[in-house]
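Student: Pasting a structure below so you can have a look.
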Amino acid sequence: EFPAGGAGAVVLARSDNAADSTVGTVLAAAKNAPLLFTTGNALPAATATEIARVIPAGGTVYLLGGTSAIPSTVATQLTDRGYAVVRLAGGDRYATAVAVASAAGGSGTVFLATGTDFADALAAGPAAAHDKGVVLLTDGTVMPPAVRAYLATHHGSVFAVGGHAA
């Protein structure tokens, strides 16, 4: 989708745990960036090649999640290649979703989906990106404190995504 050098940034998420990548769709759309994946302690060669193709050295790579999601060794590899690394993380997946939402900006529209199963959050991503909104995660029937605080300061439409069981 992105021509060589044509992305505004790169959004990088862990490939084997969907929590952070489901909320990253909105950030990727806001930054004109591909959402790419990493796993383990080293940046996969295919991901490194794609980052180099879509943004020049000096470009920004957003890391979604703390060092347990994307280790500092991956951040170091990126900075050693000349990229500006911005880590968006919180104490848990709910606070990380809020950090990503804050970085994405948006219209104030919030799509709430459970953070315990990722199908609904995955489906909400394109709708939120289209509406220039954000995706936040709930802990099943519990509203995490970070999400509650975000909602208290960002007034706009709020849509629950998923059925009553979610």
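Student: Output the Cα-based Rg and Dmax of the stretch 50-89 in Å, rounding Rg to one decimal and Dmax to a whole number.
Tutor: Every Cα atom of the stretch 50-89 included, Rg and Dmax give 9.8, 27 Å.
Student: If you don't mind, there's one more thing I want to ask. When a/c reaches 1.5 or more, the comparison of a/b and b/c decides; with that in mind, is the stretch 1-84 rounded, prolate or oblate per its Cα gyration tensor? Spell out each step's value before the answer.
Tutor: Working: a/c = 1.72, a/b = 1.15, b/c = 1.50.
Taking the square roots of the gyration eigenvalues as a ≥ b ≥ c, the stretch 1-84 is oblate.
Student: Compute the helix-to-body angle for 45-54: its Cα long axis versus the longest principal axis of the chain, expressed 0 to 90° and rounded to tens.
Tutor: 90 degrees
Student: Quick one: with all protein chains in place, what share of the accessible area of the chain is carbon or sulfur, to the nearest percent (1.4 Å probe)?
Tutor: 56 percent
Student: Grab the other residues whose beta carbon is less than 11 angstrom from that of Gly115, score K and R as +1, D and E as -1, and report the net. Could the numbers behind the result be given before it?
Tutor: Details: positive: Arg93; negative: Asp20, Asp92, Asp117, Asp120, Asp139.
Net of charged neighbours comes to -4.
Student: What number, in percent, do you get for the relative contact order of the stretch 1-138 if the mean sequence gap of Cα pairs under 8 Å and at least 6 apart is divided by its residue count? Let's see the in-between values first.
Tutor: Values: 288 pairs, mean separation 37.3, N = 138.
Once normalised by length, the contact order is 27 percent.
Student: Further question on the same structure: Largest first and in whole Å, give the semi-axes of the stretch 71-166's equivalent ellipsoid, each being the square root of 5 times a Cα gyration tensor eigenvalue.
Tutor: Details: eigenvalues 134, 45, 34 Å².
Rounded to whole Å, the semi-axes are 26, 15, 13.
Student: Report, in debye and to the nearest 20, how large the dipole of the chain comes out about its Cα centre when Lys and Arg carry +1 and Asp and Glu carry -1 on their Cβ. Don't skip to the answer; put the middle values down first.
Tutor: On the way: 8 positive and 10 negative charges, 68 e Å.
The dipole magnitude comes to about 320 debye.
Student: Here is a follow-up. Based on Cα coordinates alone, diagonalise the gyration tensor for the stretch 1-154, multiply each eigenvalue by 5, take square roots, and list the semi-axes in whole Å, largest first.
Tutor: On the way: eigenvalues 130, 54, 33 Å².
The equivalent ellipsoid of the stretch 1-154 has semi-axes of 26, 16, 13 Å.
Student: Oh, and also: What 222 nm value per residue comes from the helices of the chain, counting each DSSP H run with n ≥ 4 as -39,500 (n - 2.57) and dividing by all residues, nearest 500 deg cm²/dmol?
Tutor: Counting only the DSSP helices, I get -12000 deg cm²/dmol.
The values are calculated or read from the model by the stated rules, or taken from the named source; none is laboratory data. Because the structure is predicted, anything quoted here is derived from the model rather than measured. So basically every Cβ, Gly included, is an ideal-geometry build from the backbone, and we count neighbours across all protein chains shown. The accessibility values were calculated without ligands, DNA or RNA, using every heavy atom of the protein model including side chains. Shrake-Rupley method; radii C 1.70, N 1.55, O 1.52, S 1.80 Å.
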